[in-house]
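Student: Handing you a structure now.
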Amino acid sequence: MANRAKNTAVRYNVAWIYTNNGKEQMLLKKITNPKYAIYSWAKRYIRKYEGFSYRFEKNGEKVLINRLRDFDIKTVFDVGANVGDWTSMALANFPDAEVHSFELSKETYKTLSNNVTNQRAALNNFGLSDMECDITYKDYGVNSGVNTILSCADFHDKRIKFTEKTGHLKTGDAYCQEHGVDSIDLLKIDVEGAEHLVLAGFKNMLERKQIKVIQFEYGYTQGDAHFLMKDFYQLFHQHGYLVGPLKPTGVLFGDFNYTLNDFNSGPNFVAVAQDYHGIVEAIKGRQILGYP
């Protein structure tokens with residue numbers, strides 16, 4: 001009886017110590033519930049095993065860039081450039097390429113302009129979508145990487161305060177025509193759920209296979225957009241592209257599998273025009289046993 005009382009006192013003492021913030025509350029759950037601790041550890045292990053990460057050096061993005069260095073990369077688009085980290089990586093690895101970067105937020109664009117001063121970078125303070133128009137978007141703060149034009153997307157609303165701001169959108173086809181861009185070697189898209197709209201704006205370029213490689217993000221906001229991975233596969237197959245998740249060893253090309261609809265299956269996918277066999281072979285990765 002005394003031991004039980006002592007254990008209870010220790011448990012309540014731990015509870016008092018570890019309830020100051022979310023991380024400490026999570027630690028409390030693990031201490032008082034071993035099954036939850038195992039469950040939490042297993043989820044983290046699965047993400048690591050499958051190569052899920054938002055860091056360039058861990059999720060395959062840097063691997064993709066490195067392998068494409070062997071090809072004649074002249075034109076790169078960074079749609080959703082944010083503060084310019086990916087743009088800078090592309091400029092450093094493709095010394096002969098011009099990088100066209102697009103950032104919707106005026107405040108973030110200022111940071112982008114300060115961070116990227118290379119003359120080979122064409123910086124644009126507007127976004128790309130399926131039409132040209134002014135738009136009200138959800139802005140989550142200075143230099144935020146989760147701003148979205150989807151008013152229905154509220155995944156981040158509970159933890160980050162947002163304000164509604166205005167910006168301008170153009171289509172990729174119109175921009176290419178205006179700037180004399182005949183082809184794009186690498187198109188990267190990270191626009192928090194509006195990736196399919198950006199692709200729709202490149203309809204003519206896609207039909208003519210004038211975009212060789214496309215890297216796009218896939219996450220929870222695609223659920224708000226009602227455009228799942230099956231829809232991406234159908235879109236790209238329609239235009240003659242191979243598709244696969246981007247992992248630390250490369251791209252896992254293959255047929256669509258329903259488990260890829262899971263919003264944690266990426267976070268990035270890559271599509272390549274199937275005529276470019278050399279690129280497909282160069283960026284292909286080793287299959288992960290059990291995935292997808």
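Student: Given the conditions (1) over 21 Å from L64 (Cα atoms); (2) in contact with a strand residue (DSSP E or B) (Cβ under 9 Å, 6 or more places away or on another chain), which single one is not true for T111?
Tutor: Of everything listed in (1) over 21 Å from L64 (Cα atoms); (2) in contact with a strand residue (DSSP E or B) (Cβ under 9 Å, 6 or more places away or on another chain), T111 misses just condition (2).
Student: Let me ask another. For a quick check of your reading of the model, give me the residue pairs whose first member lies in the stretch 38-51 and is touching a residue at least 40 places away in the same chain (Cβ under 8 Å), whose second is assigned to a helix (DSSP H, G or I) and open to solvent by 100 Å² or more (accessible area, probe 1.4 Å), with beta-carbon atoms closer than 9 Å and at least 6 apart or on different chains.
Tutor: G51/K58
Student: Out of (1) touching a residue at least 60 places away in the same chain (Cβ under 8 Å); (2) out of contact with any Cys (no Cβ under 9 Å at 6 or more places or on another chain); (3) at negative phi, the odd one out for L169 is which?
Tutor: Every listed condition holds for L169 apart from (2).
Student: Which condition breaks for F155 when tested against (1) touching a residue at least 24 places away in the same chain (Cβ under 8 Å); (2) in contact with a strand residue (DSSP E or B) (Cβ under 7 Å, 6 or more places away or on another chain)?
Tutor: (2)
Student: Working carefully through the options N66, N20, find the one that is at pLDDT 95 or above and surrounded by fewer than 15 Cβ atoms within 10 Å (Cβ to Cβ).
Tutor: N66
Student: Now for a different question. Hey, could you check the stretch 199-209 for residues that are over 27 Å from K247 (Cβ atoms) and part of a loop (DSSP other than H, G, I, E, B) and say which is most open to solvent (accessible area, probe 1.4 Å)?
Tutor: In this case the residue turns out to be R208.
Student: Is it fair to say G141 is within 19 Å of the chain's Cα centre (by Cα) and in contact (Cβ under 8 Å) with a residue 12 or more places away in the chain?
Tutor: Criteria met by G141.
Student: Please indicate, with yes or no, whether at least one residue in the stretch 130-141 is aliphatic (A, V, I, L, M) and open to solvent by less than 10 Å² (accessible area, probe 1.4 Å).
Tutor: No, there is no match, as no residue in the stretch 130-141 is aliphatic (A, V, I, L, M) and open to solvent by less than 10 Å² (accessible area, probe 1.4 Å).
Student: For the stretch 37-62, give me each residue that is within 25 Å of V280 (Cα to Cα), touching a helix residue (DSSP H, G or I) at 6+ places or on another chain (Cβ under 8 Å) and in a helix (DSSP H, G or I).
Tutor: F56, E61, K62
Student: Now for a separate question. Restricting to the stretch 185-194, name every residue that is closer than 21 Å to A225 by Cβ, among the aliphatic types (A, V, I, L, M) and in a strand (DSSP E or B).
Tutor: Within the stretch 185-194, L187, I189 meet the criteria.
Student: Testing T111 on (1) hydroxyl-bearing (S, T, Y); (2) open to solvent by 30 Å² or more (accessible area, probe 1.4 Å); (3) within 29 Å of K203 (Cα to Cα), one condition comes back false. Which one is that?
Tutor: (3)
Student: Taking the condition open to solvent by 20 Å² or more (accessible area, probe 1.4 Å), touching a Gly at 6+ places or on another chain (Cβ under 8 Å), under 28 Å from I211 (Cα atoms) and hydrophobic (A, V, I, L, M, F, W, C), does F102 pass?
Tutor: So F102 does not fit the description; no.
Student: Output the number of residues of the stretch 145-184 satisfying the condition of being part of a loop (DSSP other than H, G, I, E, B), surrounded by fewer than 13 Cβ atoms within 10 Å (Cβ to Cβ) and touching a Lys or Arg at 6+ places or on another chain (Cβ under 9 Å).
Tutor: Qualifying residue count, the stretch 145-184: 2.
Student: Counting residues that are surrounded by fewer than 22 Cβ atoms within 10 Å (Cβ to Cβ) and in contact with a Lys or Arg (Cβ under 9 Å, 6 or more places away or on another chain), which helices (runs of 4 or more DSSP H) fully inside the stretch 220-292 reach at least 1?
Tutor: 277-283
The values are calculated or read from the model by the stated rules, or taken from the named source; none is laboratory data. It should be emphasised that the depicted structure is a prediction, and the values quoted were computed from it without experimental measurement. Cβ atoms come from the backbone with ideal geometry, glycine included; neighbour counts cover every protein chain shown. Calculation scope for accessible area: heavy atoms of the full protein, side chains included, ligands and nucleic acids excluded. Shrake-Rupley method; radii C 1.70, N 1.55, O 1.52, S 1.80 Å.
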